[in-house]
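To keep things clear, I will list the structure first and then write my remarks on it.
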Amino acid sequence: MEIPKQYSPANIENKWYQTWMEKGFFRSTPDHREPFTVVIPPPNVTGVLHMGHMLNNTIQDVLIRRARLQGKNACWVPGTDHASIATEAKVVNKLREQGIEKNSLSREQFLNHAWEWKEKHGGIILEQLKKLGASCDWERTKFTMDADLSRSVIKVFIDLYRKGLVYRGVRMVNWDPKAQTAVSDEEVIYRETPSKLYHVHYRLADGSGHITIATTRPETILGDTAICVHPNDERYTSLVGKKALVPLINREVPIIADEYVDLTFGSGALKVTPAHDVNDYQLGQKYQLPSIDVIAADGTMSEAAQLYVGVDRFETRKRIIADIEAAGQLAKVEEIKNNVGYSERTDAVIEPRLSMQWFVRMEVLAKPALEVVREGKVKLHPAKFFNTYKYWMENVKDWCISRQLWWGQRIPAWYAPDGTFAVAETQAEALVEFEKQGKILSATEIRQDEDVVDTWFSSWLWPITVFDADAIGKSPAEFNADLKYYYPTNDLVTAPEILFFWVARMIMAGMEYCGDIPFSNVYLTGIVRDKLGRKMSKSLGNSPDPIDLIEKYGADGVRMGMLLTSPAGNDLPFDESMCEQGRNFSNKVWNAFRLVKGWEVSDSEQPEAAREAVAWFGSHLAATMAEVDDLFSKYRISEALMTLYKLTWDDFCAWYLEAVKPGFQQSIDRKTYTATVAYFEDLLRLLHPFVPFITEEIWHYLAERNNAFLIVDRMPQAGTVNEAGNKDFELCRELIAAIRTYRAERGMSPKEALTLYSKVDLPFEAVLRKLANIDDITTVQEKPQGTVALVLRTVEIFLPMGESSDPEAEREKLQKELEYTEGFLASVEKKLSNERFVSNAKPEVVEIERKKQQDAQQRIKALKEQLGSL
């Protein structure tokens with residue numbers, strides 16, 4: 001086959017992805033092999049690929065492709081999440097553009113529109129993942145609202161209800177007025193926001209004066225049912241038990257005392273609004289205060305407010321302050337900053353609101369989920385996130401799981417005319433449950449709950465239901481073959497911000513319904529940020545389109561660019577130049593391949609330099625493979641890639657190929673060529689998980705494959721490591737680099753062969769001769785006349801001065817080097833003289849410092865001798 005001069009990613013990537021799909025290489029079914037399983041964090045069905053997806057899914061694909069090359073049965077399950085709030089908002093907006101309001105439609109009509117929207121847009125992100133090279137088992141693609149997955153969600157709701165872990169009650173919830181639904185505590189994002197603290201006079205009912213309160217939310221004044229002061233606050237002791245009048249509406253409210261009040265905040269007197277603040281709600285419960293809900297579900301003032309009815313809450317804030325000021329009751333206004341809660345989904349300011357909702361009791365479920373992480377059965381990478389996880393699990397609150405939406409799994413609760421309810425999967429089963437309660441009802445007399453469950457209440461079952469949606473309620477012996485084989489899964493790759501939202505809850509569900517952990521390792525990625533450190537987002541316009549990047553740099557280039565700077569748990573400072581570096585790497589590998597394939601092979605004798613290089617690279621490759629395996633075991637994937645990058649670019653291309661390359665118009669011996677192709681194949685195997693397309697392409701050019709593919713080949717077996725030989729070659733490289741620098745500084749031509757003198761035998765002498773252009777190496781006892789000494793580590797070599805050599809400049813250079821080395825030695829000896837360091841540091845660390853001391857002492861001795869000779 002004719003080898004193209006340039007590597008062109010677009011056609012090659014499409015060709016190989018299609019081939020892999022057609023050959024079924026991504027497909028997995030249970031067999032005799034060890035399974036390696038990853039379930040994709042299902043992206044929102046509303047979504048398109050963004051940079052966070054790129055990072056997350058590249059890491060997953062690296063893990064899956066590597067497992068496949070290790071001979072494991074690799075299964076990566078793809079899918080999407082129905083994303084109740086986000087999807088319903090999209091559909092509502094689409095309908096509004098068509099002049100249709102949601103409230104003009106029946107539930108069934110709205111859901112028809114939603115499903116139509118999902119079918120049209122829902123598969124976009126999965127198709128985009130294919131461009132990235134994601135080797136998912138696409139035949140297993142799941143959607144969290146598939147009929148069987150939805151059925152399992154309903155079964156879990158009913159099961160937890162019967163266990164007493166799901167209950168219904170009026171509670172203070174986080175209300176999103178834009179989406180008009182409750183959201184969980186974890187879906188509230190707090191941001192420091194410039195605000196105003198309003199000091200307002202409340203007149204005393206007996207006309208004896210006033211009491212001043214401070215509030216950031218004056219629109220809730222109309223719902224006040226008490227004023228609270230601290231029992232030890234002498235300013236207000238005489239007022240406790242009296243009544244005050246709510247401004248503008250003159251409702252009488254009691255003045256009470258409770259230690260909850262912070263004496264130092266504002267005026268030290270607190271307005272109590274049980275319907276609109278979680279802490280006020282608790283005070284209301286304690287003192288049996290009435291609760292007046294003055295803000296409606298849509299964020300406007302309700303009839304109960306008496307004033308400003310139908311006016312938005314923030315507009316009301318302006319109006320009520322103006323009216324209070326006009327009434328002479330506004331004492332002062334302070335500019336402050338306070339934490340305001342925003343809905344993660346819609347960015348609306350959250351409104352604390354009393355509401356009848358469904359909840360899950362979390363304490364019982366959280367305990368085993370904490371223990372399996374504490375015991376290391378589930379490992380978090382990096383481990384620093386354990387403390388965050390532990391805090392959440394030890395301070396867990398009950399989970400509000402009802403959402404006032406239509407898109408999602410509808411709550412399986414049915415209501416009788418008298419307000420009582422029964423929890424059942426179907427209407428017929430609900431009638432039976434009512435009968436058990438002594439109520440004989442007809443189907444037309446009961447109605448199903450209008451709400452749906454929280455999206456997370458479906459996705460917490462994801463590692464279970466993607467394999468066996470009917471597993472809920474069964475014993476492990478009754479699970480289907482897929483769940484028995486693939487569960488627990490191996491690795492989960494996700495973001496730290498959903499560690500509690502999703503990861504913790506999946507562990508809870510796994511322990512509850514499978515009696516086992518859902519995965520063994522959780523790799524937590526960082527946030528992709530721009531060069532200024534800002535989180536990438538559409539609103540900032542700082543997030544490139546991943547598909548555009550792939551078209552520009554190739555999927556391999558983008559994959560490498562994303563991973564080169566993405567240590568687990570730390571943010572990724574993305575720069576497009578990293579993708580360019582990834583593309584350059586592909587070009588480097590391609591050019592190295594063209595160089596090797598361009599050599600003419602003969603049965604000539606193997607040169608000594610080639611023999612030395614072949615021996616070194618085999619040992620170095622084996623050592624690097626062990627290093628990469630260790631890095632993968634620690635989930636330091638970015639470092640593993642950088643190690644392979646250096647192995648390929650520096651060690652193989654820059655050193656090995658140069659050492660074995662035949663002279664101009666000369667052939668290469670067969671022995672060296674065979675070894676070189678074998679090493680190249682090993683590099684392709686090691687690199688394939690990171691850059692799958694170019695490695696598969698070169699694999700098929702390197703040799704006749706007879707329908708064998710790299711994607712399903714095997715990782716190379718490591719050879720013997722010669723540690724001493726590897727260290728010697730490092731010294732050889734340093735010598736070559738020093739000689740090249742010496743030539744450049746003196747204007748010597750690289751083509752001019754030099755004589756080298758040395759007091760000791762030099763390692764890899766043939767490689768040194770070839771790459772440094774040395775025609776003769778002579779062993780000497782003393783520095784020869786007319787030479788300049790170079791000291792590397794403890795080795796001293798001598799090179800001809802050359803015509804342009806300057807002894808004075810040489811002396812100055814050596815003096816600077818001597819001063820630097822003496823300073824370095826002083827710092828090492830200071831460390832070694834510190835008894836605490838020597839007694840507390842690991843023995844190998846102390847030994848390294850002693851070796852530094854010896855090397856520095858020998859180097860100083862050699863430098864002084866050189867100065868003396870000058």
Whose amide H sits under 5 Å from the amide H of Leu492, counting only residues 5 or more places off or on another chain, with H placed in the peptide plane? Asn521, Val522, Tyr523
Peptide ranges 838-847, 139-148, 751-760 listed from the most packed, as the mean C-beta count within 10 angstrom indicates: 139-148, 751-760, 838-847
Using the heavy atoms of the protein chains and a 1.4 angstrom probe, tell me the accessible area per residue for the range 88-194 in square angstrom. 49
In terms of the Cα gyration tensor, with a ≥ b ≥ c the square roots of its eigenvalues, is the range 189-339 rounded because a/c is under 1.5, prolate because a/b exceeds b/c, or oblate? rounded
Round to a whole angstrom and tell me the spacing of the C-alpha centers of the range 107-178 and the range 9-40. 26
Under 15 Å, Cβ to Cβ, from Ser475 - net charge with Lys/Arg +1 and Asp/Glu -1: -3
Rg and Dmax of the range 730-870, using alpha carbons, in Å: what are they? 17.3, 54
Can you give the convex hull volume per residue for the Cα atoms of the range 659-725, as a whole number of Å³? 139
Accessible area per residue of the range 398-530 at 1.4 Å probe, in Å²? 32
Taking a cut-off of 21 Å between Cα atoms, list the lysines near Lys178, but don't count ones fewer than 8 places away on the same chain. Lys90, Lys94, Lys102, Lys318, Lys538
Which cross-chain or sequence-distant (5 or more) residues have an amide H under 5 Å from the amide H of Phe143, H modelled 1.01 Å from N in plane? Thr80
At Ala703 and Ser208, where each label point lies 7 Å from the Cα along Cα→Cβ, what is the point-to-point distance in nanometres? 10.0
Descending Cα extents along the principal axes, the range 706-772, whole Å: 54, 27, 17
Between helix 546-563 and the chain, what is the angle of the helix's C-alpha long axis to the longest principal axis, kept within 0 to 90° and rounded to the nearest 10? 70
For the range 254-266, in residue order, the Karplus 3J(HN,Hα) values (coefficients 6.51, -1.76, 1.60; θ = phi - 60°; whole Hz; Gly and Pro = x) are x, 9, 10, 10, 7, 5, 4, 5, 8, 4, 8, 8, x
Ranked packing of 225-234, 191-200, 507-516, most packed first, by mean Cβ within 10 Å: 507-516, 225-234, 191-200
For the range 377-486, with all protein chains present and a 1.4 Å probe, just round the carbon and sulfur fraction of the accessible area to a whole percent. 52
Using the basic label-point model (7 angstrom from Cα toward the beta carbon), what is the Arg836 to Phe664 distance in nanometres? 6.4
Dipole of the chain [Lys/Arg +1, Asp/Glu -1 at C-beta], most positive-end residue of Ala430, Thr755, Leu197: Leu197
Taking only protein heavy atoms into account and a 1.4 Å probe, give the accessible area per residue of the range 300-391 in Å². 52
Per the helix-only model, the chain has a calculated mean residue ellipticity at 222 nm (DSSP H runs of ≥4, -39500 (n - 2.57) each, divided over all residues, rounded to the nearest 500) of -13500 deg cm²/dmol
With θ set to phi - 60° and the Karplus curve 6.51 cos²θ - 1.76 cosθ + 1.60, what are the ³J(HN,Hα) couplings of the range 373-387 in order, to the nearest whole Hz, using x for Gly and Pro? 7, 4, 7, x, 5, 10, 9, 9, 10, x, 5, 4, 7, 4, 4
Quick calc, the chain, dipole around Cα centre from Cβ unit charges on Lys, Arg (+) and Asp, Glu (-), nearest 20 debye, gives 380
Please report, for the Cα atoms of the range 207-259, the Rg to one decimal and the Dmax as a whole number; what are they, in angstrom? 11.1, 30
Just to verify a number: FRET efficiency for Glu334 and Val240, C-beta to C-beta distance, R0 = 35 Å, to 0.05? 0.85
Quick one: what are the phi-derived ³J(HN,Hα) couplings along the range 669-679, Karplus 6.51/-1.76/1.60 with θ = phi - 60°, whole Hz, x for glycine and proline? 6, 4, 5, 5, 4, 4, 5, 5, 4, 5, 5
Where does each of 631-638, 710-717 land if you order them by average Cβ count within 10 Å, highest first? 631-638, 710-717
The chain: mean projected area of Cα convex hull, nm²: 50.3
Stokes-Einstein D for the range 427-538 (37 °C, 0.692 mPa s, Kirkwood Rh from Cα pairs), in µm²/s, comes to 189
For Ile411, residues with placed amide H under 5 Å, excluding near neighbours: Asp451, Val452, Val453
Under a cut-off of 18 Å between alpha-carbon atoms, report the lysines in cross-link reach of Lys851, not counting same-chain residues fewer than 8 places apart. Lys727, Lys830, Lys831, Lys842, Lys861
Cα-based Lys pair tally, the range 347-473, threshold under 15 Å, eight or more apart or on separate chains: 5
Accessible surface of the range 515-598, 1.4 Å probe, proportion on carbon and sulfur as whole %: 46
Projected label distance in nm at Ala724 and Asp347, using a 7 Å step from Cα toward the beta-carbon: 6.6
Taking Cα pairs under 8 Å and at least six residues apart, what relative contact order does the chain come out at, in percent? 12
Carbon and sulfur atoms account, in whole percent of the 1.4 Å probe accessible area of the range 119-259, for 47
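The values are calculated or read from the model by the stated rules, or taken from the named source; none is laboratory data. Please read these numbers as outputs of a predicted model, since none were measured by experiment. Cβ sites come from the backbone with ideal geometry, for glycine too, and all protein chains shown count toward neighbours. Protein only, heavy atoms only, side chains kept; ligands, DNA and RNA dropped before computing areas. Shrake-Rupley method; radii C 1.70, N 1.55, O 1.52, S 1.80 Å.
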